[in-house]
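Trainee: Sharing a structure below in structure tokens format, with a few things to ask.
The values are calculated or read from the model by the stated rules, or taken from the named source; none is laboratory data. The structure presented is a predicted model; accordingly, all values stated were derived computationally and were not measured. For neighbour counting, all protein chains shown are included, and Cβ atoms are generated from backbone atoms with ideal geometry for every residue, glycine included.
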């Protein structure tokens, strides 16, 4: 049984084909890095998985359920959490409130009118805040956080959701070496219980964390396999690694 | 920590505010003045509804006159029918417009309870349907504001146009005050003032609790970034529709009270100027603060009553100019002024304690 399966996915905007017959299977409890040159369709693939955009054709199966074309919130409730490329946090709410919104065990608006504290929130908050290093910053407005802290906050928000599949779009962009190291150790820890798909340009980071690497080029699959295999692949070197390493 | 953000202090401020309002009927013996203060309470309800929808939900609503006007017409129809009887079932204006029987949609208003229930349910239902359609299609921001404005104009024209049923531009003037069972609610009595005050109190406390709940938190997150909230598993359209509908319900309550106090309703209640002034009250008082918005309504309407005569034709110009100044220099309104003053005060106190943290940077932690 595959955890996440994408079958013959295509997406076009007018006449431009952005994703062309893309198929991939993600195995549970692994970390897959999605790489490719700019415009390869990495973020669009994430948009299609999370329902932000609807595919022109093809199917997306999550735990054998067809989730193609569902709304964003329905997909999120099934256990897919997403971190955006440009960190998206609620700038006029405090760090604590950001994490509280993300702790979305109950989503019914009417029931939520009568709830002032979510059960189990305090414990989860402590766990995630410690992990993300935000314990001292909980009462600060999210809008005044540094770029690195904002990245952490959004990763923390995804963790609050307790998703089974985490889609992380460039999680270490703008982080310092030390912060990247910390991210690596967190992601390695998450792999035991969660499945992660990470879009990243930083090849050193990819080498460090990836179980499998998927290379996209011009909207379709170029290569899929362990990092050593990918780096040895002549076509991959030609379109991507060659330029990146140069 | 800025005391402005302390939830306990906020409740104390609410208590003090309503205690002052409760003193009014004791101090004011002039029944005309009391009636006028009661109508300010109605404006307070409207400002509260705008603050909930626009301040907390980020949904700019320029058509709050719709639920207000529908509620007001419902109440006027109910009160009109109280003066009719079996031998004389037609309101005089219908006779003048040569109708020979009561229109179908007037029938339920012969029963007072049913009439008042309808006055509240019809506008609420309208908001739920209109809001649901708009928010599901992800119409938001200025586009939603324009839709509400267009809808408001449509209602204005409709009410004006069907003269035989609504008496057109003349409006409906129920000849006698509202009767609830055996009780006659004299609009100039303290009882009328108390009715409005209690409704304002209940609406304010409910709205405040709502903003402190998880629902309120998600609504504030939607105001910041609706797109992001969807990916956390919340049905954003549902939250938006609900906050818009609740805000509409409060406006409908205000509409009913308005007619109870004035015994008059006309298409002017659907006038764009009126709906825009509600937004101005909330903007000047502080849309992010429920209490601020209510105070804004009191101040502006009070100024209009007492200074309006002096300026007469230029009043709207004065109001507009004042609004521009507030938007430019006080984006959080008068409540924002209080917030920063208290922030300065507590940060000075913080420094005295040897604590260098800028307290004004700290934000509330509800429930603590």
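Trainee: Say whether the condition of being within 14 Å of chain B (Cβ to nearest Cβ), buried (at least 21 other Cβ atoms within 10 Å of the Cβ) and closer than 24 Å to residue A:93 by Cβ is met by at least one residue in segment A:171-188. Reasoning before the result, please.
Mentor: Just the residues of segment A:171-188 that are within 14 Å of chain B (Cβ to nearest Cβ), to begin with: none.
No, because not a single residue in segment A:171-188 is within 14 Å of chain B (Cβ to nearest Cβ), buried (at least 21 other Cβ atoms within 10 Å of the Cβ) and closer than 24 Å to residue A:93 by Cβ.
Trainee: Looking at residue A:66, is it surrounded by fewer than 22 Cβ atoms within 10 Å (Cβ to Cβ) and closer than 20 Å to residue B:227 by Cβ? Spell out how you get there, then give the answer.
Mentor: Values: surrounded by fewer than 22 Cβ atoms within 10 Å (Cβ to Cβ): yes; closer than 20 Å to residue B:227 by Cβ: no.
Considered against the rule, which asks whether it is surrounded by fewer than 22 Cβ atoms within 10 Å (Cβ to Cβ) and closer than 20 Å to residue B:227 by Cβ, residue A:66 comes out as no.
Trainee: Taking segment A:43-61 as the region of interest, how many residues are buried (at least 22 other Cβ atoms within 10 Å of the Cβ) and away from chain B (no Cβ under 14 Å)?
Mentor: 3
Trainee: Right, residue A:112: in contact (Cβ under 8 Å) with a residue 12 or more places away in the chain, more than 24 Å from the chain's Cα centre (by Cα) and within 7 Å of chain B (Cβ to nearest Cβ) or not? Break it down stepwise before answering.
Mentor: Values: in contact (Cβ under 8 Å) with a residue 12 or more places away in the chain: no; more than 24 Å from the chain's Cα centre (by Cα): yes; within 7 Å of chain B (Cβ to nearest Cβ): yes.
Here the answer is no, as residue A:112 does not meet what is asked.
Trainee: Let me ask another. Listed residues A:30, A:16; which is more than 14 Å from chain B (Cβ to nearest Cβ), closer than 26 Å to residue A:185 by Cα and surrounded by fewer than 23 Cβ atoms within 10 Å (Cβ to Cβ)? Let's see the steps before the verdict.
Mentor: Values: A:16 fails: closer than 26 Å to residue A:185 by Cα.
A:30 is the lone residue from the list that is more than 14 Å from chain B (Cβ to nearest Cβ), closer than 26 Å to residue A:185 by Cα and surrounded by fewer than 23 Cβ atoms within 10 Å (Cβ to Cβ).
Trainee: Okay, moving on. Take residue B:197 and decide whether it is within 23 Å of residue B:294 (Cβ to Cβ) and in contact (Cβ under 8 Å) with a residue 60 or more places away in the chain.
Mentor: Values: within 23 Å of residue B:294 (Cβ to Cβ): yes; in contact (Cβ under 8 Å) with a residue 60 or more places away in the chain: yes.
Yes.
So that you can scan it fast, the table gives a plain yes or no per residue for (1) more than 7 Å from chain A (Cβ to nearest Cβ); (2) surrounded by fewer than 23 Cβ atoms within 10 Å (Cβ to Cβ):
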| position | (1), (2) |
| --- | --- |
| B:203 | yes, yes |
| B:206 | yes, yes |
| B:209 | yes, yes |
| B:220 | no, yes |
| B:223 | yes, yes |
| B:231 | no, no |
| B:234 | no, no |
| B:240 | yes, no |
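Trainee: Continuing with the same structure: How many residues does segment B:154-163 contain that are loosely packed, with under 14 Cβ neighbours inside 10 Å and in a helix (DSSP H, G or I)? If you could, list the steps in order and put the result at the bottom.
Mentor: The first filter runs over segment B:154-163 and keeps only residues loosely packed, with under 14 Cβ neighbours inside 10 Å, leaving B:154, B:157-158, B:161-162.
Add one more test, that the residue is in a helix (DSSP H, G or I), and what stays is B:154, B:157-158, B:161.
Qualifying residue count for the region: 4.
Trainee: Ok, one more. Take residues that are under 14 Å from the mean Cα position of the chain (by Cα) and tell me which of the helices (runs of 4 or more DSSP H) falling wholly in segment B:183-286 contain 3 or more. Let's see the steps before the verdict.
Mentor: Details: elements: B:190-212, B:214-230, B:236-262, B:272-285.
Hits in segment B:183-286: B:190-212, B:236-262, B:272-285.
Trainee: Sticking with this one: Condition test on residue A:91, is it in contact (Cβ under 8 Å) with a residue 40 or more places away in the chain, under 24 Å from residue A:172 (Cα atoms), within 15 Å of the chain's Cα centre (by Cα) and at the interface with chain B (Cβ under 9 Å from one of its Cβ atoms)?
Mentor: Against the criterion (in contact (Cβ under 8 Å) with a residue 40 or more places away in the chain, under 24 Å from residue A:172 (Cα atoms), within 15 Å of the chain's Cα centre (by Cα) and at the interface with chain B (Cβ under 9 Å from one of its Cβ atoms)), residue A:91 does not qualify.
Trainee: Which one of these is touching a strand residue (DSSP E or B) at 6+ places or on another chain (Cβ under 8 Å), away from chain A (no Cβ under 14 Å), buried (at least 24 other Cβ atoms within 10 Å of the Cβ) and at pLDDT 95 or above: B:265, B:253? Before you say what the answer is, go through the steps one by one.
Mentor: Details: B:253 fails: touching a strand residue (DSSP E or B) at 6+ places or on another chain (Cβ under 8 Å).
Sole residue among the options that is touching a strand residue (DSSP E or B) at 6+ places or on another chain (Cβ under 8 Å), away from chain A (no Cβ under 14 Å), buried (at least 24 other Cβ atoms within 10 Å of the Cβ) and at pLDDT 95 or above: B:265.
Trainee: Exactly one condition in (1) within 20 Å of the chain's Cα centre (by Cα); (2) under 24 Å from residue A:46 (Cβ atoms); (3) within 7 Å of chain B (Cβ to nearest Cβ) is false for residue A:103; which is it?
Mentor: In the conditions (1) within 20 Å of the chain's Cα centre (by Cα); (2) under 24 Å from residue A:46 (Cβ atoms); (3) within 7 Å of chain B (Cβ to nearest Cβ), residue A:103 misses (3) alone.
Trainee: If I filter segment B:1-37 down to residues being assigned to a loop (DSSP other than H, G, I, E, B) and under 26 Å from residue B:260 (Cα atoms), which single residue comes out as modelled with the highest pLDDT? If you could, list the steps in order and put the result at the bottom.
Mentor: To start, the set of residues in segment B:1-37 that are assigned to a loop (DSSP other than H, G, I, E, B) comprises B:1-2, B:6, B:28-30.
With the extra rule that they be under 26 Å from residue B:260 (Cα atoms), the set shrinks to B:28-30.
On the way: B:28: 89, B:29: 87, B:30: 92.
Taking the candidates together, the pick is B:30.
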